[in-house]
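Below is one structure, written out as structure tokens, with a few remarks after it.
Values quoted throughout were computed directly from the atomic coordinates according to the rules given, and no laboratory measurement underlies them. Just so you know, these numbers come straight off a predicted model, no measurement behind them. Every residue, glycine among them, receives a Cβ derived from its backbone with ideal geometry; neighbour counts consider all protein chains shown.
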Amino acid sequence: MLYYVYMSAQPLLFDLEPEVRVPRRIGQALVTRRRVRQILTKPTGALKDLDFTINPYVGCSFACSYCYAAFFMPDEQKAHDWGYWVEVKENALELLRREDRLAGCKVLLGSVTDPYQPVERDTGLTKSIVEHLSRLEPQPSVRILTRSPLVSRDIDIFRSLHELQVGMSVTTDDDATRIRYEPSCASIGQRLSAVKRLTEEGIRVTLNLAPLLPVTNVNAFAQMIRDSGASGFWASYFHPGTRKFAAGTRPGALQQAKMDDWCFEKFIETAHALKGLLPDLARSTVDADSLTS
Ligand code: SF4
């Protein structure tokens, strides 16, 4: 796929948030800034029990081949080029500071992007947002979804949150498998080490085996989950649908799954085996319709 070339790579015509430093490119992804009209979204569907979602970025350079978030892009070219562009919501903090609806709410960071994707290392935007949330009175209850070990960078701020749940996505026990589906993501070991660092600080982490990919050794995987200190795990399969604005799985991942002979029946078998090995950690029945990020 060709690199995505986007108009806003041109010089910017508006004032920049001084605290947001943005690189031009992260790996294969072009990075641009974007001003948005709103930063809080009222969630629906599986997330409807939350009050708001916050996504500091649009797009995601992790470029997972199965990513459902591309299906929520109104722009077909951007959906097609998912993983090759990231937009930084440069006025995210400015909008949050004007908000008076957040105190005491349930807030999720990262419903359609990874808030700790590589550009976060440069911008610190997610970190600033979490810091802002920590200063509200009463504090919101914060959930963070990621598959990035960078999340452990912010342990100091997390300590000041009264209610925090981190969901770390770990999709397989085998990095050779991971590379076939999510080559730009951190290794399984790096993610589990980050989980360990968080849980050792008393931070509650759930492992999202989402989507669960082929597992090489179920017993060893169960031990890895146990050793991470996570307080629970759940698993989901791909979303084979392709409806616009609904969670789906992109064709590349479905083709790879076919080549790997990874089908729903094998997913069920593996997920139930994990549940049998870790009955105290299995948090929900196997759910093929849950969100993946
Ligand atoms: S699944 Fe999550 S981490 Fe992967 S590309 Fe999509 S938003 Fe990014």
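Under 20 Å Cα-Cα from Lys89, which lysines qualify once same-chain neighbours fewer than 8 residues away are excluded?
Lys42, Lys78, Lys127
Between Lys266 and Asp75, take the C-beta separation as r, use R0 = 25 Å, and let me know the FRET efficiency to the nearest 0.05.
That gives a FRET efficiency of 0.10.
Between Val205, Val20, Val36, where does the largest GNM mean-square fluctuation fall for the chain, given springs only between Cα atoms within less than 10 Å?
Checking each option, the largest mean-square fluctuation is seen for Val36.
Assuming 0.36 nm per residue, please report the length gained on full extension of the stretch Lys48 to Ser160 beyond their Cα-Cα distance.
Details: separation 112, 0.36 × 112 = 40.32 nm, distance 2.60 nm.
Answer, rounded to one decimal: 37.7 nm.
Label the chain by shape, choosing from rounded, prolate and oblate, from the square roots a ≥ b ≥ c of the eigenvalues of the Cα gyration tensor; if a/c is under 1.5 it is rounded, and otherwise prolate applies when a/b is larger than b/c, oblate when it is not.
Numbers: a/c = 1.75, a/b = 1.25, b/c = 1.41.
Oblate shape, in that a/c is at least 1.5 and b/c is the bigger or equal ratio.
About the Cα centre of the chain, what is the dipole size in debye to 20, counting +1 per Lys and Arg Cβ and -1 per Asp and Glu Cβ, all else neutral?
Working: 36 positive and 35 negative charges, 79 e Å.
Using Cβ point charges on Lys, Arg, Asp and Glu, the chain gives about 380 debye.
Projected onto the charge dipole of the chain (+1 at Lys/Arg Cβ, -1 at Asp/Glu Cβ, origin at the Cα centre), which of Phe221, Met168, Ile268 gives the Cα projection farthest towards the positive end?
Result: Met168.
Can you list the residues, at least 5 places off or on another chain, whose amide H is less than 5 Å from the amide H of Trp85, using H built in the peptide plane?
Close amide H contacts, sequence-distant or interchain: Leu30, Cys60.
Under the Karplus relation 6.51 cos²θ - 1.76 cosθ + 1.60, θ = phi - 60°, what is the ordered set of whole-Hz ³J(HN,Hα) values for segment 159-164, x standing for Gly and Pro?
Working through the residues one at a time gives 4, 8, 8, 6, 9, 9 Hz.
Highest mean first, how do 50-56, 226-232 rank when packing is the count of other Cβ atoms within 10 Å averaged over residues? Mind dumping the intermediate values first?
Details: 50-56: 22.0, 226-232: 17.9.
Most protected by this proxy first, the peptides run 50-56, 226-232.
Compare the peptides 79-86, 153-160 by average per-residue count of other Cβ atoms within 10 angstrom and give them in order, highest first. The partial results should precede the final answer.
Values: 79-86: 21.2, 153-160: 15.6.
Ranking the peptides 79-86, 153-160 by packing returns 79-86, 153-160.
Which cross-chain or sequence-distant (5 or more) residues have an amide H under 5 Å from the amide H of Arg143, H modelled 1.01 Å from N in plane?
Under 5 Å from the amide H of Arg143: Val107, Leu108, Leu109, Gln165.
When the chain is modelled as a GNM with alpha-carbon springs shorter than 10 Å, which of Leu136, Leu40, Leu274 fluctuates the most?
Leu136
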